[in-house]
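Laboratory data are not the source of any read-out in this text; all were calculated from the coordinates shown. These numbers come from a predicted model, not from an experiment. Cβ: placed from backbone, ideal geometry, glycine included. Neighbour counts: every protein chain shown.
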Amino acid sequence: MWMRTRVEWSGTAALCFGLVLSHLFTEGSVVTVQCRPGEQVNLPCPYHYEDHGHVSQLSVQWRSPNNELLCHYIKHKAFQNCSSGYTIVYTPGNITLTIRQLNTNDFGVHVCSVGKRHEFADSSIEVVRVSGFVTSEPKARGNQLGQTWTLFLLLTLSLIVYL
């Protein structure tokens, strides 16, 4: 029977701990925006490329739930082209899509793709139809924090039992 050494257990524990932390701090969740047909809605698309300074070459595409190109923005060429009823506003670190009058085709997941030379990042924003007078802040799906802490505790307890 093969037995693991303390070094192998430590390496495994470090790997598991790293995976748990990456799950906690990574992006990728879908932001949900609740609204009604006919309303104007702003969909945020934050990105990190300009956190530490100016980026001259930047390209952004907003796509509809049907994968149709709604807006295209190229910063270094001062180019912006949007379909009728849509506009974008650029500020360093965020490019917001505004849907002037929401229709039924706008409900679903919109994808914002931001590219900088050899780096690309996608953000997904789901536009959900609500009835009544419910308003809420956009929020990420799921409870990743609770799941992550559960995994962290299990990993820590398994290390304590082993040592």
Cα-based Rg and Dmax for region 35-134, in Å, come out at 13.9, 45
Placing each pseudo-label 7 Å from Cα in the direction of the beta carbon, residue 118 and residue 48 end up separated by a distance in nanometres of 1.8 nm
Taking the dipole of region 35-134 about the Cα centre (Lys, Arg +1; Asp, Glu -1; charges at Cβ), the one of 120, 107, 78 that reaches farthest to the positive side is 78
So, with points 7 Å from each Cα along the Cβ direction, the residue 90-residue 34 label distance in nm works out to 3.5 nm
Extension length gain for residue 98 and residue 130 (0.36 nm per residue less Cα distance), in nm, is 9.7 nm
